[in-house]
Amino acid sequence: DTLEKVTFMNKLDMKNHNRLLDSLNRVKENFLIKNPNSFERWQKAKEVMPGGNTRTVLHYEPFPLAVDRGVGTHLYSLDNDCYLDFLGEYSAGLYGHSNSKILNAIKGAVDSGLVLGAPNKWEGLLAEELCSRFNSIDRVRFTNSGTEANLMAIGAARAFTGRDKVMVFDGSYHGGVLYFKDNSSPVNAPYNIIKTGYNEVARTVELIKENAADLAAVLVEPMLGSGGCIPASIEFLKSIRNATHESGVCLIFDEVMTSRSSGGGLQELLQINPDITTLGKYLGGGASFGAFGGRSDIMSLWDPTAPDALAHAGTFNNNTISMSAGFIGLTEVFTKTVARDLFNKGENFKATLNELCKQHDVNLQVTGVGSILGLHVRDGAILHPPKYSNFELNKLKLIHLEMSLKGFLFAQRGYMTLNIEMEDTHLEQFVDAFEDVIVSYKDIFSSRV
Ligand code: PMP
């Protein structure tokens, strides 16, 4: 009886596997038919850039759709098709593509002349705004990217504590040289790293205590962003806060993605103050940006008027485009109320999509915090980044390409964000298209292998 059941299941699985591969091939063909200019661009770019790519995350199968321009919350492809932008430049596109206040700030900076090589009026204003918004930030410094912000934060922690090691979590991403998914990348900065499981409370606390004498910092995303939009449990973060506090270890919150969760970041909602916070993405108004800030005793290591000050360089750290767009963005556009509304909009959107998955009994779910969302091809609680099989990864590819053919862009791995230009009708259109896709392939998406 059991054997018969197993054989039947295997046959069903095989059928689903084959159907998925056939569907994926057909969708890839349609994608090529719809995007010949993107394909041609990719072919040409491959002659001069490895894989035609200069930013790994933007490559996907069968080839990446290339964008010509953006207007509001829409993107236009090189083939001149219009898409709703649910990628939102991996959260840097919070303001959409053409917010007039942001554009005017950037135009103003351009009109005042570029590369000034001196302090300007904007950097202090933006710093003031960040220090007033983030409870844990007394002093802040700017960088050009979130990666650099994390490197400087680690440097600050190591210099401040005189210790060497850095604790990070499986599946976390803190920048191109701080990549901790699967096996650590050979490109990573050569820190003395201790890696443990995300949301694993007891083991993490134990490791902090065991390594206290050598441990400079615990670097953690309060929600794993590129690791699949998996929120940390409050217990996990509070335990880390207590253990680091007791052991004199610097707690660094990487809020490069999550800072949009409220006026004062996800840390405000969680009511946890890290020692150092790193920021990036939308906070430069859509121009290149990074920042690290925190306790004044730690940050004062970088005070150039002090005798043994550490050096923090960066030609473009205070460039007027990022500084002015960042300042105008926070003070005139992304106010605390707008931040709260966007968070709620994201939470409602997530709930609607999850309701839909339940209603159609498919093995899918959406995770995330506020306006940053991750589509997963598994139901049930997800506390760590799932190790997906090829079959599961192909399901994600199928949803992604089908949604692209219907005019919705997000990352193939299932990552999405909302931006402040999005209206309810945009979200409704997405929900309808998503329902269409899951209903069309119900067998595949309800399968559990
Ligand atoms: N930290 C997190 C949590 C991120 O998501 C990212 C970028 N995706 C970074 C750091 C790196 O930022 P950047 O790409 O600006 O270097």
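The values are calculated or read from the model by the stated rules, or taken from the named source; none is laboratory data. Here the structure is a predicted model, which is why all the values come from computation and not from measurement. Cβ placement follows ideal geometry from the backbone for every residue including glycine, while neighbour counts extend to all protein chains displayed. Ligands, DNA and RNA are excluded from the accessible area calculation, which covers all protein heavy atoms including side chains. Shrake-Rupley method; radii C 1.70, N 1.55, O 1.52, S 1.80 Å.
Roughly how big is segment 66-206's charge dipole about its Cα centre, with Cβ charges of +1 (Lys, Arg) and -1 (Asp, Glu), in debye to the nearest 20?
Computed charge dipole of segment 66-206: roughly 520 debye.
Quick one: the Cα spread of the chain along its three principal axes, in angstroms, biggest first?
Taking max minus min along each principal axis of the Cα atoms, the chain gives 76, 56, 45 Å.
In what order, largest first, do 26, 260, 295 sit by accessible area if the probe radius is 1.4 Å?
Largest accessible area first, the residues go 26, 295, 260.
Of 119, 386, 307, which is the most mobile in a GNM of the chain whose springs link Cα atoms less than 10 angstrom apart?
Greatest mean-square fluctuation among the candidates belongs to 307.
I'd like the accessible area for residue 21, computed on protein heavy atoms only with a 1.4 Å probe and all protein chains in place. Round to 10 Å², please.
Using a 1.4 Å probe on the heavy atoms, I get roughly 80 Å².
Keeping every protein chain present and rolling a 1.4 Å probe, give me the accessible area per residue for segment 17-73 in Å².
Per-residue accessible area for segment 17-73 comes out at 61 Å².
Note down the relative contact order for the chain as a percent, whole number, built from C-alpha pairs under 8 angstrom at least six residues apart.
So the answer I get is 21 percent.
What is the percent carbon and sulfur in the accessible area of segment 365-408, measuring with a 1.4 Å probe over the protein chains and ignoring ligands?
55 percent
Loop-only check: which trypsin sites (Lys or Arg not before Pro) in segment 307-385 are DSSP coil with at most 16 other Cβ within 10 angstrom?
Sites meeting the loop and neighbour criteria: 378.
Along the positive direction of the dipole of segment 1-135 (beta-carbon charges: Lys, Arg +1; Asp, Glu -1; about the Cα centre), which of 135, 119, 58 reaches farthest?
58
So which chymotrypsin sites (Phe, Trp or Tyr not before Pro) in segment 44-116 end up in coil per DSSP with only 13 or fewer other C-beta atoms within 10 Å?
In loop regions of segment 44-116 (DSSP not H, G, I, E or B), there are no sparsely surrounded chymotrypsin sites (Phe, Trp or Tyr not before Pro).
For segment 56-150, which whole percent of the accessible surface, found with a 1.4 angstrom probe, sits on carbon and sulfur atoms?
Reported share for carbon and sulfur atoms: 52 percent.
Within the chain, what's the longest stretch lacking GluC sites (Glu not before Pro) that sit in DSSP loops with no more than 14 other Cβ atoms inside 10 Å?
Answer from the scan: 48-422.
Hey, what's segment 103-143 come to in accessible area per residue, 1.4 Å probe, Å²?
Ligands and nucleic acids excluded, the result is 59 Å² per residue.
May I ask what percent, to the nearest 5, of DSSP beta bridges between residues of the chain are antiparallel?
65 percent
Just the Cα atoms of segment 377-449: what Rg and Dmax do they give in Å?
13.2, 38
How much accessible area per residue does segment 210-280 have, counting only protein heavy atoms and a probe of 1.4 Å, in square angstrom?
On a per-residue basis, segment 210-280 sits at 26 Å².
How big is the gap, in Å, between the Cα center of segment 37-72 and the Cα center of segment 314-363?
Between the Cα centres of segment 37-72 and segment 314-363 lies a distance of 26 Å.
Quick one: among 125, 330, 283, which has the greatest mean-square fluctuation in a GNM of the chain with alpha-carbon springs under 10 angstrom?
Looking only at 125, 330, 283, the largest GNM fluctuation is found for 125.
Taking the Cα centre as origin and putting +1 on Lys and Arg beta-carbons and -1 on Asp and Glu beta-carbons, what dipole magnitude results for the chain, to the nearest 20 debye?
Dipole about the Cα centre, nearest 20: 520 debye.
Roughly how many percent of the accessible protein surface of segment 193-256 is carbon and sulfur, given a 1.4 Å probe and a whole-percent answer?
In segment 193-256, the share of accessible area belonging to carbon and sulfur is 50 percent.
Count neighbours as other Cβ atoms within 10 Å of each site's Cβ, and list the trypsin sites (Lys or Arg not before Pro) in segment 383-437 that are DSSP loop with at most 12 such neighbours.
Sites meeting the loop and neighbour criteria: 387.
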